[in-house]
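Q: Encoded as structure tokens, here's the structure I'll be asking about.
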Amino acid sequence: MLPLYVPLVALGVLAFGFAVFSVCLATIVGPKRYNKAKYDAYECGIEPVHQPLTNGRFPIKYYLTAMLFIIFDVEMIFIYPYAVASGDVMWFGFIAMLIFIVVVFVAYAYEWRRGGLNWN
């Protein structure tokens with residue numbers, strides 16, 4: 001049984017060795033010109049400025065968008081296997097998936113009520 005895993009382990013060691021070699025080589029060979037611009041935060045090509053009105057805080061819309069992404073991402077992760085094996089799980093799977101969809105709908109309704117779907 002062990003000889004079956006030798007190629008897989010060899011590939012993992014090779015990949016890890018290549019990653020370590022690349023990082024070490026980049027630090028040795030790469031340019032070493034450090035300046036203030038290199039250490040500044042980069043935000044989509046726009047010069048970052050301090051916003052005194054918001055005190056540097058992000059609007060809640062960013063978090064609501066992230067929550068919306070997580071809701072639909074988790075939903076797809078759990079619904080896809082059910083769709084594949086729906087014939088095998090019968091009524092138990094149907095009831096469990098129905099409960100899951102209701103819970104996801106509650107999260108979606110919360111997101112909608114908080115204004116996460118208004119893109120103004």
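Q: Mind listing just one residue for me: the one in the range 104-120 that is loosely packed, with under 13 Cβ neighbours inside 10 Å and touching a residue at least 24 places away in the same chain (Cβ under 8 Å) and, of those, nearest to residue 60 (Cα to Cα)?
A: Going through the qualifying residues, I end up with 115.
Q: In this structure, does residue 85 turn out to be under 30 Å from residue 101 (Cβ atoms), at pLDDT 75 or above, more than 24 Å from the chain's Cα centre (by Cα) and not acidic (Asp, Glu)?
A: So residue 85 fits the description; yes.
Here's the yes/no breakdown for (1) free of Cβ contacts under 8 Å to residues at least 24 places away in the same chain; (2) hydrophobic (A, V, I, L, M, F, W, C); (3) within 30 Å of residue 118 (Cβ to Cβ):
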position: 71; (1), (2), (3): no, yes, yes
position: 77; (1), (2), (3): yes, yes, yes
position: 85; (1), (2), (3): yes, yes, no
position: 95; (1), (2), (3): yes, yes, no
position: 102; (1), (2), (3): yes, yes, yes
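Q: Still on this model: Against the conditions (1) of a type in the set (Val, Ile, Thr); (2) at pLDDT below 80; (3) under 30 Å from residue 107 (Cα atoms), where does residue 49 fall short? Just the number, please.
A: Single failed check for residue 49: (3).
Q: Among the candidates 67, 97, which residue alone is at pLDDT 85 or above, surrounded by 14 or more Cβ atoms within 10 Å (Cβ to Cβ) and of a type in the set (A, V, I, L, M)?
A: Answer to the selection: 97.
Q: Restricting the first residue to the range 14-41 and requiring it to be at positive phi and loosely packed, with under 10 Cβ neighbours inside 10 Å, which pairs with a second residue that is among the small types (Gly, Ala, Ser) and assigned to a helix (DSSP H, G or I) meet a Cβ separation below 9 Å and a spacing of at least six or different chains?
A: Final answer for the pair search is none.
The values are calculated or read from the model by the stated rules, or taken from the named source; none is laboratory data. Predicted model, so just to flag it, every value in this text is computed and none were measured. No Cβ is skipped: glycine too gets one built from the backbone with ideal geometry, and neighbour counts run over all protein chains shown.
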